[in-house]
Amino acid sequence: GAVVSQHPSRVICKSGTSVKIECRSLDFQATTMFWYRQFPKQSLMLMATSNEGSKATYEQGVEKDKFLINHASLTLSTLTVTSAHPEDSSFYICSASTGKAEAFFGQGTRLTVV
Amino acid sequence: RKEVEQDPGPFNVPEGATVAFNCTYSNSASQSFFWYRQDCRKEPKLLMSVYSSGNEDGRFTAQLNRASQYISLLIRDSKLSDSATYLCVVNPLSGGYNKLIFGAGTRLAVHP
């Protein structure tokens, strides 16, 4: 299957700093990527849809100025958590589609804000 | 009402048991349905798609009832390695836009 690489897999940062998470499709071009967040024992919640070359579409309740998404190329989307706070600590996962029904997920990034 | 609802479990079953998970979805126009498996602290991985006619993959059988907006997953002859969280996933849109909506997942623990 298609490969999606997400980096870093784990990050610890201080409150108030910003963290960038990268999501790359390694063997296919992804015009659309999706960013999810998962809190412990909860389902994956879609945060935003990342469209190559245009602005991301955010889900209701997700602050676009706090979670900056850039999709500069067909193989790379980035999520930047700005001015992180402890309540932003979570598991962030990206996914990308080949255009068919199946979506492929990155390995996820576990963010801890201290 | 949540878009996709599942019984969170956990389901604790012995090896060799048969276990069934259920899921309901609220958007009657949903087009695609899946079961994903997620191991602890890992990304979800596709287990199988769910087709209207029902489909089977080895020990796993998935069924869809569009009229009742209900999806099921049956696991036969459970293995220890089946222990995981099973996510019911719905794509409300047709075509390639995979804006997947996830259920909260059902935890399965298979014991010796």
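Given just the C-alpha atoms of the stretch B:1-85, how large is their convex hull per residue in cubic angstrom? Could the numbers behind the result be given before it?
Working: hull volume 8.8 nm³, N = 85.
That works out to 103 Å³ per residue.
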- request: Return, in residue-number order, each cysteine of chain B whose C-beta is not under 4.7 Å from any other cysteine's C-beta.
  value: B:40
task: State which entries of A:66/B:2; B:79/B:99; B:45/B:79 exceed 29 angstrom in Cα-Cα distance in the structure shown.
output: B:79/B:99
Given charges at beta-carbon only (K, R positive; D, E negative), |dipole| of the protein assembly as shown in Debye: 300
- line: Note: A:64-76 gets an average of partner chain Cβ contacts (10 Å, Cβ to Cβ) equal to 0
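What is the gain in length, in nm to one decimal, between residue A:18 and residue A:51 on full extension, counting 0.36 nm per residue of separation less the C-alpha to C-alpha distance?
Working: separation 33, 0.36 × 33 = 11.88 nm, distance 2.21 nm.
Value of the extension gain: 9.7 nm.
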message: If I take every Cα pair under 8 Å that is 6 or more residues apart in chain A, average their sequence separation and divide by the length, what percent do I get for the relative contact order?
response: 37
- request: Per residue, how big is the convex hull around the C-alpha atoms of the protein assembly as shown? Give it to me in cubic angstrom, could you?
  value: 123
query: Which is farthest toward the positive dipole end of chain A among A:13, A:30, A:93, measuring Cα position about the Cα centre, with Cβ charges +1 (Lys, Arg) and -1 (Asp, Glu)?
result: A:13
query: When Rg is the radius of gyration of the Cα atoms in chain A and Rh is its Kirkwood radius, what does Rg/Rh come to?
result: 0.95
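Within 10 Å of each Cβ of A:90-97, how many other protein chain Cβ atoms are there on average? Mind showing how you got there, number by number?
Values: counts 0, 3, 0, 4, 1, 5, 1, 7.
Mean shielding by partner chains, rounded to a whole number: 3.
Taken together, the values in this text are just the output of simple stated rules run on the coordinates, not laboratory data. What you see is a predicted model; the values in this text were computed from it and never measured. Positions of Cβ are backbone-derived with ideal geometry, glycine not excepted, and every protein chain shown enters the neighbour counts.
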